[in-house]
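**Student:** What follows is a structure written as structure tokens; I'll ask about it next.
Bear in mind these aren't lab numbers, they're just calculated from the coordinates by the rules spelled out. Being a predicted model, the structure only gives us computed values, none of them experimental. Don't worry about glycine lacking a Cβ; one is built from the backbone with ideal geometry, like all the others, and counts go over all protein chains shown.
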Amino acid sequence: MSGLTAFWKMHGLGNDFIVADAEGGDFTAQARALCDRHRGIGGDGLILLLPPTRAEADLCMRMFNPDGSEAEMCGNGIRCLAGFARARFPQRTTLRIETGAGLLTARLIDDEDAHGIGFVEIDMGPPRHTRGEIPMDGPPAESAIDVPLPHEGHVYTATCVSMGNPHCVLFLDAQRGTPLDGLDLAEVGLDVLGPQLERHPAFPRGANVEVATLVDRDEIHARVWERGAGLTLACGTGACATMVAAALTARVGRKARVVLPGGPLEIAWEKSGSVFMTGPYQRVFHGTLAGQPQ
């Protein structure tokens, strides 16, 4: 299995992953097999710790979705990877992690408790909200803030952000005249709308889809459809993108708690430009792979 033998099962707010060491290779088939919840280990993704290719990095992260596609980044996943890497860097509280979204910094806040729970702060880097950076169709230099998104005879209002991967954020208070008009967050059929907007022609590389509602200036509630994974209990990059979208549309300031079905993440968009995400991870169990699941 391309060098995969031992693994940890971990999660961040219920967003669960198979985490393992690897040397390199194509893990598309393994991701599909191992993430299968009936014939494999089960998970929202396969996360691999590899040797870095950049001198300034301590380690490299690759993340594969359950459908075998590779994601540029995963916010909950990088917290889990930082916890997984603790034993390799016992004297370090800061790790520089090479990802498909660039070099990111993880700060291990405290020791794990008796349940294998630890907290990590991730410097997610600066958000990007021009169409060319997301990417999204239209003039490359134009910001995608409160833009019309036509779909099946309706026009949704979307604010789109890249956190190293593309996100399409729909605030329910802006969806007048659409099927979302007047719905509570729990009433949104994201299992139907999510895959449709994920593959919307406006997004050449697809998109993660968030629906969100404001509780107050300090708290946002959100649900996420993840590109390549589907509905998940939490999404770290989605929480960051939602908070940035709320700030860009003057719904919040530069710091807010984003509450997902799996729990809350603290998100701060610093004046330096970087977005910082703070939240937990948990080691659940570890095991050894006997062979390729069928």
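**Student:** Which one, 183, 249, 154, is farthest towards the positive end of the dipole of region 147-272 when Lys and Arg carry +1 and Asp and Glu -1 on their Cβ?
**Tutor:** Of the options given, the answer is 249.
**Student:** Starting with the highest mean, order 268-276, 9-17 by the number of other Cβ atoms within 10 Å, averaged over the residues of each peptide.
**Tutor:** 9-17, 268-276
**Student:** In whole Å, how far is the Cα centre of region 174-238 from that of region 249-288?
**Tutor:** If we compute the Cα centre of each part, the gap is 17 Å.
**Student:** How big is region 147-272 in terms of Cα radius of gyration and Dmax, in angstroms?
**Tutor:** In Å, with Rg to one decimal and Dmax whole: 13.2, 41.
**Student:** Would you mind computing, in nm to one decimal, how far apart the modelled labels at residue 94 and residue 112 are, each placed 7 Å from Cα along Cα→Cβ?
**Tutor:** Modelled inter-label distance: 2.4 nm.
**Student:** Please report the antiparallel percentage of DSSP beta bridges with both residues in region 147-272, rounded to the nearest 5.
**Tutor:** Restricted to region 147-272, the bridges split so that about 75 percent are antiparallel.
**Student:** Can you work out ³J(HN,Hα) from phi for every residue in region 152-169, in order, using Karplus 6.51 cos²θ - 1.76 cosθ + 1.60 and θ = phi - 60°, giving whole Hz and x for Gly and Pro?
**Tutor:** Per residue, the Karplus-derived 3J(HN,Hα) values read 6, x, 10, 10, 7, 9, 10, 10, 10, 9, 9, 10, x, 9, x, 9, 10, 9 Hz.
**Student:** For the chain, set up a Gaussian network in which alpha carbons nearer than 10 Å are linked by springs, and say which option among 131, 62, 88 fluctuates the most.
**Tutor:** 88
**Student:** With point charges of +1 on the Cβ of Lys and Arg and -1 on the Cβ of Asp and Glu, referenced to the Cα centre of the chain, which listed residue (225, 172, 117) lies farthest in the positive direction of the dipole?
**Tutor:** About the Cα centre, the residue reaching furthest to the positive side is 117.
**Student:** Can you classify region 18-148 as rounded, prolate or oblate using the Cα gyration tensor, where a ≥ b ≥ c are the square roots of its eigenvalues, rounded means a/c under 1.5, and otherwise it's prolate if a/b beats b/c and oblate if not?
**Tutor:** Oblate, because a/c is 1.5 or more while a/b does not exceed b/c.
**Student:** Report the one residue of 193, 163, 259 whose Cα lies farthest in the direction of the positive end of the charge dipole of region 147-272 (charges on C-beta: Lys and Arg +1, Asp and Glu -1; origin at the Cα centre).
**Tutor:** The one lying farthest along the dipole's positive direction is 163.
**Student:** Taking all pairs of distinct Cα atoms, average 1/r, flip it, and tell me the Kirkwood hydrodynamic radius of the chain in Å to one decimal place.
**Tutor:** 19.1 Å
**Student:** Which value, in debye to the nearest 20, gives the size of the charge dipole of the chain about its Cα centre, when Lys and Arg are +1 and Asp and Glu are -1 at the Cβ?
**Tutor:** 400 debye
**Student:** Which ³J(HN,Hα) values, rounded to whole Hz and listed in residue order, are derived for region 209-221 from phi using the Karplus coefficients 6.51, -1.76 and 1.60 in 6.51 cos²θ - 1.76 cosθ + 1.60 with θ = phi - 60°, glycine and proline given as x?
**Tutor:** Running phi through 6.51 cos²θ - 1.76 cosθ + 1.60 with θ = phi - 60° gives 10, 10, 10, 8, 9, 8, 8, 7, 5, 10, 9, 10, 9 Hz.
**Student:** Then there's this: What is the fewest-to-most order of 151, 221 by other Cβ atoms lying within 10 Å of their Cβ?
**Tutor:** 151, 221
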